[in-house]
1. Got a sec? Which of 425, 399, 435 is in contact (Cβ under 8 Å) with a residue 24 or more places away in the chain, among the β-branched types (Val, Ile, Thr) and surrounded by fewer than 18 Cβ atoms within 10 Å (Cβ to Cβ)?
2. Hey, residue 188 hits all of (1) touching a residue at least 24 places away in the same chain (Cβ under 8 Å); (2) hydrophobic (A, V, I, L, M, F, W, C); (3) touching a strand residue (DSSP E or B) at 6+ places or on another chain (Cβ under 8 Å) but one; which does it fall short on?
3. Just give me the residues in the stretch 331-355 being open to solvent by 30 Å² or more (accessible area, probe 1.4 Å), over 15 Å from residue 47 (Cα atoms) and either in contact with an Asp or Glu (Cβ under 8 Å, 6 or more places away or on another chain) or away from the ligand (no atom under 12 Å from the Cβ) (or both), in sequence order.
4. Return the residues of the stretch 194-228 that are open to solvent by 50 Å² or more (accessible area, probe 1.4 Å) and not aliphatic (A, V, I, L, M); say none if nothing qualifies.
5. Please work out which one of (1) surrounded by 15 or more Cβ atoms within 10 Å (Cβ to Cβ); (2) on the phi > 0 side of the Ramachandran plot; (3) away from the ligand (no atom under 15 Å from the Cβ) is the condition residue 152 fails and give its number.
6. Keeping to the stretch 31-49, report how many residues are touching a helix residue (DSSP H, G or I) at 6+ places or on another chain (Cβ under 6 Å) and either more than 15 Å from the ligand (Cβ to nearest atom) or over 18 Å from residue 170 (Cβ atoms) (or both).
7. For residue 138, which of the numbered conditions (1) within 13 Å of the ligand (Cβ to nearest atom); (2) under 17 Å from residue 184 (Cβ atoms); (3) of a type in the set (A, V, I, L, M) fails to hold?
8. I need every pair where a residue in the stretch 59-71 that is more than 9 Å from residue 27 (Cα to Cα) has its Cβ under 8 Å from the Cβ of a residue that is small (Gly, Ala, Ser) and within 12 Å of the ligand (Cβ to nearest atom), sequence separation at least 6 or different chains.
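The values are calculated or read from the model by the stated rules, or taken from the named source; none is laboratory data. Quantities reported herein were computed from a predicted structural model and do not represent experimental measurements. Backbone-built Cβ (ideal geometry, glycine too); neighbour counts: all protein chains shown. Remember, those area values only see protein heavy atoms, side chains included, never the ligands or the DNA or RNA. Shrake-Rupley method; radii C 1.70, N 1.55, O 1.52, S 1.80 Å.
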Amino acid sequence: MIVTIVGTGYVGLVTGACLASIGHTVRCVDVSEERVEMIRAGQAPFYEPGLEELLSEGLESGRLSVTTDLAKAMENSVLSLIAVGTPSKVGALEPDLSYLETAARQIGEELRKSSDYHVVAVKSTVIPGTTRGVVQRVVEAASGRKPGEFGVAMNPEFLREGSAVEDFRNSDRIVIGQADARSGDVLADLYAYFDCEKLRVGIEEAELTKYASNALLSLLISFSNELAGLCEATAGTDVETVMEGLYLDRRLSPAVDGARVRPEILSYLRAGIGFGGSCLPKDVNALRVYGRLNGVPTPMMDAVMLTNTARPVRVVEMALKALGSLEGKTIALLGVAFKAGTDDLRSSPGLAILQALVARGAKVRAFDPFLSPKAAERAGLNGSYCPTLELAVKDADAVLITTGDPVFRNADWERLSSSMRGPVVIDGRNALRHVTLPAAVRYFPIGQGEQLVEAN
Ligand code: NAD
């Protein structure tokens, strides 16, 4: 099948490279010339394991191409997947649909030039009603065609940054929201290769399924963080122990053949510094706005965000308590991206912590194993970015860990702490909980109440 993909971000490019690898002819389009040039040279514009190999393979085989020219990319193509960003509007909670509208208009203008049947499918995350109310409407106006003369579908994406290629290739489900059976059939053909459950549903159900998924993950994270706060206020408790007791409920860790199975969902039931990235915060906020617009209160989602916003602040307070004052102190911030395994800085709690530390007079030296010097420069981190863990930690008054990267857990803390001015470690992810640290290190994990002294 000849497929056009509009937008070469995490979703568009990974989808394109993976679809090309299973034999489709994929034409990716982006408005950014720089991005298109990079991809043409076989370079991924962001860190994602396995992506560059797939790009090279696809480009060499001729099955994958990338261009800024939508008209060329749509020649003889039967399907356009829209994968442009739907970020929150600046300073607001509702999504900015301008990229989506532009992409829909451009596709519609191309459709006006031919009478071939073509399906327009939204892969971007959009609130219920957007595919029909915005995309279909705009395509209709720009193409001069009626729905039915072109197909409409909504196909949400569930991949995770850091394991996007693997997630796409081993999807646990494919949700196809269809305006009619003919539109859905084209997507069913596209995904025929994949051996997983395929759910053919209404367009609005598909839109809402993506939000349901992200809202649940956010809820579990905020629940764990609220529990961490309660443990911090309760002498003699540790959130890690409380959580272990929770996990051992057979409904969460079923026993299979006598052995406990730990489903991956438990990784979201872990205390930390809060969720970030380009999806969870903006999607929970979009859902809140959607509820408000429809007169449906969403107090649970409101609380999820409230708890989330408080976590970075809490970790900065821990640093303040440990050091007395932050003024003039050097702090090594380990982890800047929103989680381990990615270089994505969008809505990163680590970045929020960095800014809060600087605002309180601290000098921050930030290191992230996945952040290249170039990406750090693009993000304006030149002043605080360190290319190695050793350089970041040397002469620091404290270390503050913001991602659970194994590099931090496996580091030589004997050597690192001896290079520090004051060996204080604040662990925002409980990443070093099972590491034996040198006795001189003052270690402050999250979710731990005041330690009770045991009576002899
Ligand atoms: P992104 O910001 O990384 O990439 C979007 C790309 O679209 C950019 O390269 C931009 O230049 C391009 N673009 C914008 N307007 C265009 C146009 N008119 N024509 C061609 N290209 C255009 O976005 P992303 O992270 O891939 O997310 C895309 C959508 O998928 C969002 O709605 C997001 O919520 C959703 N999503 C993201 C993830 C994720 O992990 N990042 C996972 C699932 C769903």
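1. It is 435.
2. The one condition residue 188 does not meet is (1).
3. Of everything in the stretch 331-355, those that are open to solvent by 30 Å² or more (accessible area, probe 1.4 Å), over 15 Å from residue 47 (Cα atoms) and either in contact with an Asp or Glu (Cβ under 8 Å, 6 or more places away or on another chain) or away from the ligand (no atom under 12 Å from the Cβ) (or both) turn out to be 351, 352, 355.
4. The answer is 195, 197, 198, 200, 204, 205, 223, 226.
5. (2)
6. At the first step, the residues of the stretch 31-49 found to be touching a helix residue (DSSP H, G or I) at 6+ places or on another chain (Cβ under 6 Å) are 42, 44-45, 48.
Applying the additional criterion that residues be either more than 15 Å from the ligand (Cβ to nearest atom) or over 18 Å from residue 170 (Cβ atoms) (or both) yields 42, 44-45.
Residues flagged as touching a helix residue (DSSP H, G or I) at 6+ places or on another chain (Cβ under 6 Å) and either more than 15 Å from the ligand (Cβ to nearest atom) or over 18 Å from residue 170 (Cβ atoms) (or both) within the stretch 31-49 amount to 3.
7. Single failed check for residue 138: (2).
8. Matching pairs, first to second residue: 68/32.
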